[in-house]
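Below is one structure; the comments refer to it alone.
No lab work stands behind these numbers, since they all come straight from the coordinates. These numbers were taken from a predicted model, which means no experiment stands behind them. FYI the Cβ positions are ideal-geometry reconstructions off the backbone, even for glycines, and counts take in every protein chain you see.
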2 protein chains.
Amino acid sequence: MFTDEYYMKLALQEAQEAYEKDEVPVGCVVVSNNRIIARSHNLTETLNDVTAHAEMQAITSAANFLGGKYLINCTLYVTLEPCVMCCGALSWAQISRVIIGARDQQRGFIGKNLQLHPKTEFVTGILENECSSIVKEFFKTKR
Amino acid sequence: MFTDEYYMKLALQEAQEAYEKDEVPVGCVVVSNNRIIARSHNLTETLNDVTAHAEMQAITSAANFLGGKYLINCTLYVTLEPCVMCCGALSWAQISRVIIGARDQQRGFIGKNLQLHPKTEFVTGILENECSSIVKEFFKTKR
């Protein structure tokens, strides 16, 4: 049951919530010992705040839950490849694993030759089609 | 009176407040039309939150003040070169100017070949010695 696909589906539900608020639909969950300790979706428009990406909120929220700033033994599932800002934040957090749905060729950190923390393992392409489709669908309605 | 040095001194006062809280001493202010609309210092230890860098708080705070997420016609004065995370956030904010005190060779965005927004002008080396000294002094007490 507790597969990467399982948790990515929950991240996709978060993305769907963002979509319904007219936010760029990106969602994420943070999991520690098979338990969800944070979930969030992009809220940059709602909060008028460029820093309110799903990952940023999830990092803050997970750290609050854990009572410490390092996300050791935590996995972040995110529907879209993190941007430069979120990559930087995930590096500071020394999170153990980052599981990515769709790549973001334009804004994602991978194409900028940035690295997560040396301790961080990362995987891309989990439920890639679903994660990519929701973003494409969103921008189609905007043009 | 309203020189870059003037505002950097205020950012240094913020860094000093961080120092007194046993936080890595980095401070910043955001100025719009010669008015300070946000001021902050690093609070990562106090808040147990890796995202609580001075710049991140200042971006959120300035956007709240302005009622919009883009920091047009705003200048951020920061005592230490922003990291990858803060560089990403400043790019999203499309801030007009970033004025940096000391370089951060290890963690700063410049050495990572990252860019701020194309609209953003940036300058380094304002009150460089003072901005650098406070960080060096802090880490000396830690070793």
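The table below gives the values:
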read-out: For B:E128, inter-copy label distances in nm, listed shortest first [label point 7 Å out on the Cα-Cβ vector]; value: 4.6
read-out: Residue pairs, from the table B:K9/B:K142; B:K21/B:K142; A:K112/A:K142; A:K69/B:K21, whose Cα atoms sit over 21 Å apart; value: B:K9/B:K142; A:K112/A:K142
read-out: Volume per residue of the C-alpha convex hull in the stretch A:1-55, rounded to whole Å³; value: 64 Å³
read-out: Residues A:L12, B:L76, sorted so that the one with the fewest Cβ neighbours within 10 Å comes first; value: A:L12, B:L76
read-out: Order of B:F65, A:F109 - criterion: other Cβ atoms within 10 Å of each residue's Cβ, fewest first; value: B:F65, A:F109
read-out: Listed residue (B:T75, B:I134, B:Q106) projecting farthest to the positive dipole end of the stretch B:60-143, Cβ model; value: B:Q106
read-out: Assigned charges on the beta-carbon of Lys, Arg, Asp, Glu; the stretch B:21-143 dipole about Cα centre (debye); value: 120 debye
read-out: Placed amide H near B:I37: partners under 5 Å, 5+ positions off or other chain; value: B:V30, B:V31, B:S32
read-out: Two-site FRET efficiency, A:K140 against B:I36, from Cβ-Cβ distance with R₀ of 45 Å, rounded to 0.05; value: 0.60
read-out: Kirkwood hydrodynamic radius (C-alpha pairs) into Stokes-Einstein, the protein assembly as shown, 20 °C and 1.002 mPa s, D in µm²/s; value: 112 µm²/s
read-out: Rounded FRET efficiency, nearest 0.05, which uses the C-beta distance separating A:T124 from A:Q16 and R0 of 25 Å; value: 0.75
read-out: Under 13 Å, Cβ to Cβ, from A:T46 - net charge with Lys/Arg +1 and Asp/Glu -1; value: -4
read-out: Simple spin-label estimate for B:L47 and A:T46 in nanometres, 7 Å along Cα-Cβ; value: 1.9 nm
read-out: Distribution of pairwise C-alpha distances over the stretch B:1-115, 10 Å bins, in %; value: 16, 50, 32, 2
read-out: For B:L47, inter-copy label distances in nm, listed shortest first [label point 7 Å out on the Cα-Cβ vector]; value: 0.9
